[in-house]
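We did not get these values from a lab; they are worked out from the coordinates using the rules stated. Remember, it's a predicted structure, so these values are computed and weren't measured experimentally. We place every Cβ from the backbone using ideal geometry, glycine too, and count neighbours over all the protein chains shown.
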Ligand SMILES: Cc1cc2nc3c(=O)[nH]c(=O)nc-3n(C[C@H](O)[C@H](O)[C@H](O)COP(=O)(O)O)c2cc1C
């Protein structure tokens, strides 16, 4: 699959079949992640591949808690109806954790480390595009409290969980999501 096709065809998948992901495919996805750019090539990411049902259930419970908090604070009706069963049905979830000490020079600046999050985001995009090219659906998930997810995953204190990438064969056609195009999003300084 060529790059532009993968970029334009990939859609978030929130309904997975229970078909497991082949080890070879999982490793291709993880390998693609590691080719993302990063500050000083510090490669601030680490990956935790989760297929354990109990851990998925714990993640789901934390996501539900965060969702309910979000409903209360935002008053958003759609969030009350948002179902996250895919956290339990996805055959694999890759947690992406970042290390702020591997963030390049910005960790010494006033605003503190930020670039490591950008690098992890680039790694996630590489994963999702690779998954799509392999016929595997994915969704980038962030509705959780980072401290609580750290506890669930038993992460070392230098690692911050930034996202969960849920992976599996799509059980339904993903919802189309239009784009606004770049013309109104772009200005030029010539
Ligand atoms: C940083 C980030 C966080 C996201 N968090 C969530 C999430 O918590 N739950 C979810 O269902 N989708 C999440 N998404 C997926 C977006 O909803 C989705 O990418 C967007 O609606 C565009 O749809 P598409 O991916 O199908 O093109 C997230 C995406 C990004 C980039």
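Which fully enclosed helices (runs of 4 or more DSSP H) of the range 86-190 have 2 or more residues being touching a strand residue (DSSP E or B) at 6+ places or on another chain (Cβ under 9 Å) and under 26 Å from residue 38 (Cβ atoms)? Break it down into steps so the answer makes sense when it comes.
On the way: elements: 86-89, 115-133, 146-153.
Once the helices (runs of 4 or more DSSP H) in the range 86-190 are filtered for at least 2 residues that are touching a strand residue (DSSP E or B) at 6+ places or on another chain (Cβ under 9 Å) and under 26 Å from residue 38 (Cβ atoms), what remains is 115-133, 146-153.
When the range 76-85 is examined, which residues are found to be assigned to a loop (DSSP other than H, G, I, E, B) and more than 14 Å from the ligand (Cβ to nearest atom)? Steps first, answer last, please.
Step one: filter the range 76-85 for residues assigned to a loop (DSSP other than H, G, I, E, B), giving 76, 82-85.
If the condition is that a residue be assigned to a loop (DSSP other than H, G, I, E, B) and more than 14 Å from the ligand (Cβ to nearest atom), then no residue fits.
Right, residue 73: closer than 25 Å to residue 147 by Cβ and loosely packed, with under 13 Cβ neighbours inside 10 Å or not? Can you show your working first?
Details: closer than 25 Å to residue 147 by Cβ: yes; loosely packed, with under 13 Cβ neighbours inside 10 Å: yes.
The answer is yes for residue 73.
Return yes when residue 63 is within 16 Å of the ligand (Cβ to nearest atom) and in contact with a strand residue (DSSP E or B) (Cβ under 8 Å, 6 or more places away or on another chain) and no when it is not.
Values: within 16 Å of the ligand (Cβ to nearest atom): yes; in contact with a strand residue (DSSP E or B) (Cβ under 8 Å, 6 or more places away or on another chain): yes.
Spelling it out, residue 63 is indeed within 16 Å of the ligand (Cβ to nearest atom) and in contact with a strand residue (DSSP E or B) (Cβ under 8 Å, 6 or more places away or on another chain).
Of all the residues that make up the range 150-170, how many are at negative phi and either free of Cβ contacts under 8 Å to residues at least 60 places away in the same chain or away from the ligand (no atom under 15 Å from the Cβ) (or both)?
10
Considering the range 62-96 alone, what residues qualify as being under 23 Å from residue 159 (Cβ atoms) and over 18 Å from the mean Cα position of the chain (by Cα)?
Within the range 62-96, just 65 meets the criteria.
Taking the range 8-35, which residues are within 19 Å of residue 122 (Cβ to Cβ), within 14 Å of the ligand (Cβ to nearest atom) and surrounded by 13 or more Cβ atoms within 10 Å (Cβ to Cβ)?
10, 12
Just for the range 105-124: of the residues that are farther than 13 Å from residue 45 by Cα and surrounded by 16 or more Cβ atoms within 10 Å (Cβ to Cβ), which one is nearest to the chain's Cα centre (by Cα)?
Filtering the range 105-124 for residues that are farther than 13 Å from residue 45 by Cα and surrounded by 16 or more Cβ atoms within 10 Å (Cβ to Cβ), the one nearest to the chain's Cα centre (by Cα) comes out as 113.
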